[in-house]
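Worksheet: one structure, shown below.
The values are calculated or read from the model by the stated rules, or taken from the named source; none is laboratory data. All figures in this text were calculated on a predicted structure; none of them were measured in a lab. Side chains included, ligands, DNA and RNA excluded: accessible areas come from the protein's heavy atoms. Shrake-Rupley method; radii C 1.70, N 1.55, O 1.52, S 1.80 Å.
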Amino acid sequence: MLVHGSVLGASVTWRKQQPLAEHWTLCTPNRPGFGASPVSERGDFEAEAPLIAELLGDGAHLVGHSYGAVIALFAAALRPEAVRSLTVSEPGSLTVAAGNPAVDAVIETGNELFRRGPEMDPREMLLFFRSGVGSRHHTPDELEGDLLEGARLLMRERPPWELDPPLEQLARAPFRKLVISGGHSDVFEAVCDRVAERMGAERAVIPGRGHSIPATGAPYNERLHTFLGECDRKDREAGGGL
């Protein structure tokens, strides 16, 4: 189960993960407002987490990126029995590292950006947002189509740091966890370090595309494939399988 973040829907966020379909069944839902999914009044990680938790069915590996990583953290806590493993890359849960001056500065700037968001031009909002998170995606001079709609959704999205994820609860869950950063930002390195520490997760850094870590393609896929395979082997061993 691959959960995308802000602005870009599942087909763009996870386009370079399609080779993983040779080994895994990929479920790539679109968050509300993206693709053919019904539009909600406001993107909200807390409100969307139950939707993802329900889609886990009888059990799935859960993977989230950026805002989708925040959703995945909350979804995993709602149905830990249905999570086979949890992988998150650069979740926007910035307050977990509050007290770090660089993190505090980004939170302050981010709060002002989201406060002004509904009044801003969509492209202006998108440029500020991408600059702040370290996205390597190109922003054209004129927004249109899905990118314009994604920017408009961003303008009314709930800031992902408004509520800390239940990391201590996740630390008690038996499934393995992996936290990935892009090696481009002291802020996200601090946040990912803190999330991994509090959740009891493994830690990885995959550089090359800034915040847009799934866009690295093969390096991200190889790390994820190895991690998921290890999780499944340990599950089989624990169950007495060969």
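Values for this structure:
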| read-out | value |
| --- | --- |
| Whole-number accessible area per residue in Å² for the chain, which is evaluated in the context of all protein chains at 1.4 Å | 46 |
| Shape call, region 165-242: gyration tensor on alpha carbons, a/c limit 1.5 | oblate |
| Pairwise centroid distance, computed over Cα atoms, of region 21-52 with region 62-84, Å | 12 |
| Selected from SER131, SER212, SER85 as most flexible by GNM, with the chain as the system and alpha-carbon contacts under 10 Å | SER131 |
| Residue with peak Gaussian network fluctuation, the chain [Cα springs, cutoff 10 Å], from ARG158, ARG130, ARG15 | ARG15 |
| Rounded if a/c under 1.5, otherwise prolate or oblate - region 54-161, Cα gyration tensor axes | oblate |
| Accessible surface of the chain, 1.4 Å probe, proportion on carbon and sulfur as whole % | 51 |
| Tilt relative to the chain, helix 218-238 - C-alpha long axis, 0 to 90 degrees, to 10 | 40 |
